[in-house]
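The values are calculated or read from the model by the stated rules, or taken from the named source; none is laboratory data. Given the structure is predicted, the values throughout are model-derived calculations rather than measurements. Cβ placement follows ideal geometry from the backbone for every residue including glycine, while neighbour counts extend to all protein chains displayed.
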Amino acid sequence: MTKKDFMNKITNSQNDFFQRFLDILKEKDIKFCVVGGLAVNAYCEPVVSLDLDIVIAGSQVSELIRILSAKFKANEQLHSINISSPDSDLRIQIQTDLRYQEFIGRAANKSVLGYEIPVASLEDVLQGKIWAYEDTTRRPSKRQKDLADIMRLTETHPNLVKLLPDSIKQRLALSE
């Protein structure tokens with residue numbers, strides 16, 4: 001079984017929803033990068049996630065949403081636009097928080113579960129996880145996952161500890 005087959009199996013994707021989404025981005029020459037848990041997987045031992053958090057170049061979001069809405073279900077949330085397909089459990093979450101826009105220029109192609117895609121830099125992935133963890137409007141279970149991702153990143157890349165706010169260092173019982 002290939003990594004892509006595994007991804008499609010765990011997301012119950014009948015027609016490789018992930019690849020279909022990526023093909024649209026490529027066809028329309030849309031600049032993007034992956035952030036969130038799947039981005040953490042590019043830098044650490046992978047864990048399963050049904051979410052694909054992605055940042056789209058701000059000037060291209062409206063065009064992309066128009067295109068995606070014709071093919072998939074699009075649902076606007078407070079800080080994201082969620083894209084889904086009835087033939088997959090994968091949830092694509094386009095981040096609309098403007099703080100993430102700078103990540104696109106620093107992204108590099110990495111392999112994530114068999115897909116070669118632009119992934120935010122290691123430091124940017126960590127920063128995104130810090131922002132997510134510090135967002136008290138998020139569900140406690142999501143914030144706990146963000147904290148676990150921060151721990152995964154700092155265990156694999158100890159030099160990142162110095163970038164953590166003191167409150168997170170204390171929570172994780174980390175020191176530089």
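Structure values in brief
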read-out: Residue within the stretch 49-60 that is surrounded by fewer than 17 Cβ atoms within 10 Å (Cβ to Cβ) and free of Cβ contacts under 8 Å to residues at least 12 places away in the same chain present; value: yes
read-out: Failed condition for D146, given (1) in contact with a helix residue (DSSP H, G or I) (Cβ under 9 Å, 6 or more places away or on another chain); (2) in a strand (DSSP E or B); value: (2)
read-out: The stretch 6-48 - residue that is at pLDDT below 90 and part of a helix (DSSP H, G or I) and, of those, surrounded by the fewest Cβ atoms within 10 Å (Cβ to Cβ); value: K9
read-out: So S69, is it modelled with pLDDT under 90, among the hydroxyl-bearing types (S, T, Y), more than 24 Å from K129 (Cα to Cα) and exposed (fewer than 15 other Cβ atoms within 10 Å of the Cβ); value: no
read-out: Residue in the stretch 61-72 that is of a type in the set (F, W, Y), outside any helix (DSSP H, G or I) and either under 16 Å from the mean Cα position of the chain (by Cα) or under 22 Å from K4 (Cβ atoms) (or both) present; value: yes
read-out: Per-region count, the stretch 102-120, residues surrounded by fewer than 18 Cβ atoms within 10 Å (Cβ to Cβ), touching a residue at least 24 places away in the same chain (Cβ under 8 Å) and either in contact with a Leu (Cβ under 6 Å, 6 or more places away or on another chain) or assigned to a loop (DSSP other than H, G, I, E, B) (or both); value: 1
